[in-house]
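Contents: one structure, followed by commentary.
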Amino acid sequence: MTTQRTSGRRKQALAAAAVVAGLLTTAACGGGKDDGGKNGAAGFNAANNKIAQASLVKKGGELKFASTQDADSWDTTRGYYGFMWDFSRYYSRQLLTYKTQPGAAGAELTPDLATDMGQVADGGKTYTFHLRDGITWEDGKPITSKDIKYGIERAWAQDVLSGGPVYLKDVLDPDGAYKGPYKDTSADHLGLKAIDTPDDKTIVFHLPKPNSDFLQMVALTSASPVRQDKDTKSQYGLHPFSSGPYKFQSYSPGKSLVLVRNTNWKASSDPVRKAYPDKISIKFFTNANDMDQRLLAGDYDLDLAQTGMSPQGRTTALKAHKANLDNPVSGYVRYAVFPQSVKPFDNIHCRKAVLYGADHVSLQTARGGPIAGGDIGTNMLPPSVPGAEGQKYDPYEMAGANKNGNAAKAKEELKACGKPNGFSTTIAVRNNKPVEVATAESLQASLKKVGINAQIDQYDGSQTAGIIGSPSNVNKKGYGIIIMGWGPDFPSVQGYGMPLWDSSYILQSGNNNYALIKDKSIDKMFDDFVTTLDESKKTQLSTEINHKVMEGAYYLPFTFEKFINWRSSRLANVYTTNSYNGMYDFVNLGLKSSK
Amino acid sequence: MTAPLHEPTAEAAPSAAEEAAVATTGAKAVQGRSLGRIAWERLKRDKLALTGGIVVLVLIVIAVLAPVLAHAVGQDPETHHEDLIDPLFGTPTGSLGGISGDHLLGVEPVSGRDIFARILYGAQISLLVGFLSAVVAVVLGTVLGILAGFFGGWVDAVISRIMDGLLAFPQLLFIIALVSVMPDRLLGLTGTSVRVMLMIVVIGFFGWPYIGRVVRGQTLSLREREYVEAARSLGAGRFYILFKELLPNLVAPIIVYTTMMIPTNILTEAALSFLGVGVKPPTASWGQMLSNAIDYYDSDPMYMVVPGVAIFITVLAFNLFGDGVRDALDPKGSR
């Protein structure tokens, strides 16, 4: 579970070059305001945690996505971007999937290929699923339990198929005994012992240890079936073989992607997907401002990446097209973290001095303000995770009395830390995220007032794993403050906080426990969480873990992130869902006209 | 081409004017005048160049006195004023980018830092990098150019090929790569000073072949002149000829090229800061301000206009002044 959530992070390495292109193209398309008479837009926040215009949906038409980013891979085993998981439901099915409902209900699981939620036995060590009738591949052949097993096995072949989440691999085969289907010497390449397929319609999982989030892992895109004769290994992402209602018609990476109906998919076999449009297309842009202009003009329906509009388009949209916008909570927490290996952050009082010295309103403004940035973050658990308390839990009064910083308390903590005159440190920030650089400057300015002199170091944002993910490098560079953000892979404290706070997740490269938290009581609570099957106990443990992390003052949360996302007036049956961190649920989007 | 004043009468005009000047100043003026004095007389009559020169002087004063001037209006470049920012859009609340009595050129979006103070401090970076990198280029270019031109043979071949290589080198890409791998602390400097030093060295290093070529060409033609022959036959050493006979005659083209190089270097600095490899935040730089302004070109155009105008005025002033200096030193070359 060490792979970090990379949604939207990697491909911005070319930011510098893009900025140049940006200047040229923005000059060419200034203005661009349309008539404003956008009748039919559902209203501001009309699709935020509720369904907008469900009754207006017509079957047919072309649903048009726009994006400045291509997926990391469209291969179900390899994709890790949030929008890729959301989009993959068009062409892939899993044993279980998320309910196609708005908001929190959308994060609940429901049977997809399986007939029910599975039978649990052996105290959570055995799960048995039976497959539905009528489930087929795009060539009409039935989807078998062996296809599902093979699809899951592909995650073991990390040397060929890197990038995707490895939760199932870690849970089913913690010792790495299985070498993956490509090195599998058995005739059918189905040598993984932890999964049995007694017949074509039954699949049985044997877990060495129970895991309370196992069903969440079975619902991940990476647990989709893949048929052996269609597996093109590292090329599979160019044309995944469809098990869902749509199939790939054409794809040129970084340019466009077109899906058309899979005529062999039967609505009767699929209780989840509605498959309203006839055709789904994605057009990739190189310039975010350009893309926003085209969205505003109505040439495209929505942004694939769903990470919010850029400042320029956002301002225009908020002023002139507010009814086309939604403002969901993204599920991400944006924060600064203090590696304990860098002095003086080994001392809790110096960490607290930063928490009290920071101007939280200024940080929020730097993130984009209360609407486009999010509410002031007061603790580390995103509101979408069970057990989260949102701003109600505010141990340092970041959204309350101390929201503009509390210099007196910061000075007190500095004294307690043995640095009454302050200290010097370095803030590490990704160079390809202007918003993060702005937060770094805000933090720098407010810390200066209490005597903490911070220098900003902008590192190559595409190299996070080797730069801030390497504790020895962090130590060498003296990064006392690292600016980052994190969102859950699936809505649970395991899917969010374990890589951040569990001491067993401290790695020499690709580390995400930047604070180097080694707290036995936190580790113990994670162990309890993973083995507890009782939901209320799990919720309680999540809350306690969050409290423990905040008491340690390892993190300075900035915001519970919010986005401003665009929805065209053509769209119907639109809603955001917690399962995909506040994105629209792509799979059941429809159009108001079949043209 | 700042010659519109002289254009109609071409060659004849300046000399006629000179004669007029001589006539009015009386007998004393009949004495011979040095090259510098003649050039200064010409420059004084070139209104555009003079204006450029004055603007350049003003800019230098502004850069040097930036802290004093910012303090005089009660601002500094790093204080955030979030109270002047509309939290919804991140843009300044006042009209024209928040221009007011306190903030003469408005405030930055998001942070609310005073743009006037940042422009003043940004001038320091621009001029420092522009001047010093020109100095690096001129020193390297003159020394290597004169050696290549004077000695010829394999020395010339080697230096010329190096110049060709450097001229063909994608310098902007190289600088970007270099800056990203450079450590934070270098030769006792830290942070922004490392970046500034790096920019000076690298821009200067890639700039010297331009001046080197000119110096080499001039040296090639000068070394065959009679006065060099005469010095040689009198037994003058090579270095005496190089530095006492040749160098003084190269001063004019060198000065001309230096004044032309500074604005180019300022633009390169702006481009680097624009691309995010220039000075580090929160240090102010014009290029960086321009780059930040892209996201607000519609909602807060003033933020883009102000640093844009600053760069424009600076580069224009240097170019006008440079053209004037060239015309003054070498009237034939300009036509």
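The values are calculated or read from the model by the stated rules, or taken from the named source; none is laboratory data. A quick note: this is a predicted structure, and the numbers were derived from the prediction, not measured. A quick note on method: Cβ atoms are made from the backbone with ideal geometry, for glycine too, and the neighbour counts reach across all protein chains shown.
Just to be sure, is B:VAL138 part of a helix (DSSP H, G or I) and either modelled with pLDDT of 95 or more or under 28 Å from B:VAL64 (Cα atoms) (or both)? So B:VAL138 passes the test.
Out of all the residues in the stretch A:163-218, which are in a helix (DSSP H, G or I) and closer than 12 Å to A:TYR127 by Cα?
The answer is A:LEU172, A:PHE214, A:LEU215, A:VAL218.
Condition (residue is crowded, with 17+ Cβ neighbours inside 10 Å and more than 14 Å from chain A (Cβ to nearest Cβ)) applied to the stretch B:31-41: is it met by at least one residue? Yes - at least one qualifying residue is present in the stretch B:31-41.
Give the number of residues within the stretch B:208-245 that are among the basic types (Lys, Arg) and surrounded by fewer than 15 Cβ atoms within 10 Å (Cβ to Cβ).
Selection size over the stretch B:208-245: 3.
Within the stretch A:311-347, the set of residues being within 14 Å of chain B (Cβ to nearest Cβ) and within 18 Å of the chain's Cα centre (by Cα) comprises just one member, A:ASN327.
The set of residues from the stretch A:131-149 being over 19 Å from A:LYS247 (Cβ atoms) and within 28 Å of the chain's Cα centre (by Cα) comprises just one member, A:LYS149.
Evaluate the following for B:GLU108: is it more than 23 Å from A:VAL450 (Cα to Cα), within 14 Å of another protein chain (Cβ to nearest Cβ) and surrounded by 19 or more Cβ atoms within 10 Å (Cβ to Cβ)? So B:GLU108 passes the test.
Residues that are touching a Lys or Arg at 6+ places or on another chain (Cβ under 8 Å) and among the charged types (D, E, K, R) were ranked within the stretch A:46-92; the one that is nearest to A:ARG261 (Cα to Cα) is A:GLU62.
A:GLY237 meets the conditions (1) closer than 15 Å to A:ASP70 by Cβ; (2) at pLDDT 95 or above in every case but one. The failed one is (2).
State whether one or more residues within the stretch B:263-270 are touching a residue at least 60 places away in the same chain (Cβ under 8 Å), surrounded by 23 or more Cβ atoms within 10 Å (Cβ to Cβ) and of a type in the set (S, T, N, Q). Scanning the stretch B:263-270 turns up at least one residue that is touching a residue at least 60 places away in the same chain (Cβ under 8 Å), surrounded by 23 or more Cβ atoms within 10 Å (Cβ to Cβ) and of a type in the set (S, T, N, Q). Out of A:SER542, A:SER569, one residue alone is more than 30 Å from A:GLU413 (Cβ to Cβ) and either in a helix (DSSP H, G or I) or in contact (Cβ under 8 Å) with a residue 12 or more places away in the chain (or both). It is A:SER569. For the stretch A:443-480, a residue qualifies if it is more than 9 Å from every other protein chain (Cβ to nearest Cβ) and of a type in the set (Gly, Ala, Ser), and the qualifying residues are A:GLY451, A:ALA454, A:GLY461, A:SER462, A:ALA465, A:GLY466, A:GLY469, A:SER470, A:SER472, A:GLY480. Annotation: B:SER133 fulfils all but one of (1) surrounded by fewer than 20 Cβ atoms within 10 Å (Cβ to Cβ); (2) of a type in the set (S, T, N, Q); (3) under 18 Å from the mean Cα position of the chain (by Cα); the unmet one is (1).
Do we have B:GLY53 as modelled with pLDDT of 85 or more, part of a loop (DSSP other than H, G, I, E, B) and away from chain A (no Cβ under 14 Å) here?
no
Based on what the data block shows, is A:ASP34 assigned to a loop (DSSP other than H, G, I, E, B), in contact with a Leu (Cβ under 8 Å, 6 or more places away or on another chain), modelled with pLDDT under 50 and not aliphatic (A, V, I, L, M)? Against the criterion (assigned to a loop (DSSP other than H, G, I, E, B), in contact with a Leu (Cβ under 8 Å, 6 or more places away or on another chain), modelled with pLDDT under 50 and not aliphatic (A, V, I, L, M)), A:ASP34 qualifies.
Comparison of B:GLY278, B:GLY287 shows that the only residue that is closer than 28 Å to A:ASP460 by Cβ and either touching a strand residue (DSSP E or B) at 6+ places or on another chain (Cβ under 9 Å) or not in a helix (DSSP H, G or I) (or both) is B:GLY278. Total residues in the stretch A:128-182 satisfying the condition of being farther than 16 Å from A:THR197 by Cα and of a type in the set (Val, Ile, Thr): the figure is 5. Filtering the stretch B:163-215 to residues that are within 13 Å of B:ASN265 (Cα to Cα) and among the aromatic types (Phe, Trp, Tyr) leaves B:PHE205, B:PHE206, B:TRP208, B:TYR210. Within the stretch A:572-595, being in a helix (DSSP H, G or I) and of a type outside the set (Val, Ile, Thr) holds for A:ASN578, A:SER579, A:TYR580, A:PHE586, A:ASN588. Scanning the stretch B:71-90 for residues that are surrounded by fewer than 21 Cβ atoms within 10 Å (Cβ to Cβ) and touching a residue at least 40 places away in the same chain (Cβ under 8 Å), we see that the one that is farthest from A:LEU318 (Cα to Cα) is B:VAL73. Taken over the stretch B:294-334, residues that are within 14 Å of chain A (Cβ to nearest Cβ) and crowded, with 23+ Cβ neighbours inside 10 Å amount to 5. Being assigned to a strand (DSSP E or B) and in contact with a Leu (Cβ under 6 Å, 6 or more places away or on another chain) is the requirement here; does A:PHE529 meet it? Spelling it out, it is not the case that A:PHE529 is assigned to a strand (DSSP E or B) and in contact with a Leu (Cβ under 6 Å, 6 or more places away or on another chain). So if I check each of A:ARG351, A:ARG314, which one is crowded, with 23+ Cβ neighbours inside 10 Å, assigned to a helix (DSSP H, G or I) and modelled with pLDDT of 95 or more? None of the others qualify; the one that does is A:ARG351.
Quick one: how many residues across the stretch B:276-291 are more than 7 Å from chain A (Cβ to nearest Cβ) and either of a type in the set (S, T, N, Q) or touching a Ser or Thr at 6+ places or on another chain (Cβ under 9 Å) (or both)? Final tally of qualifying residues: 10. The helices (runs of 4 or more DSSP H) found wholly in the stretch A:419-491 and carrying at least 3 residues that are in contact with a Gly (Cβ under 8 Å, 6 or more places away or on another chain) occupy A:434-448.
Rundown of residues vs (1) part of a helix (DSSP H, G or I); (2) within 14 Å of another protein chain (Cβ to nearest Cβ); (3) touching a Ser or Thr at 6+ places or on another chain (Cβ under 6 Å); (4) closer than 30 Å to A:LYS183 by Cα, yes/no style:
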position	(1), (2), (3), (4)
A:LYS247	no, no, no, yes
A:LEU259	no, no, no, no
A:ALA275	no, no, no, no
A:ARG294	yes, no, no, no
A:MET309	no, yes, no, no
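Filtered by the rule that a residue be within 17 Å of A:LEU443 (Cβ to Cβ), surrounded by fewer than 23 Cβ atoms within 10 Å (Cβ to Cβ) and either within 14 Å of chain B (Cβ to nearest Cβ) or in contact with a strand residue (DSSP E or B) (Cβ under 8 Å, 6 or more places away or on another chain) (or both), the stretch A:379-410 gives A:ALA399, A:LYS403, A:ASN404, A:GLY405.
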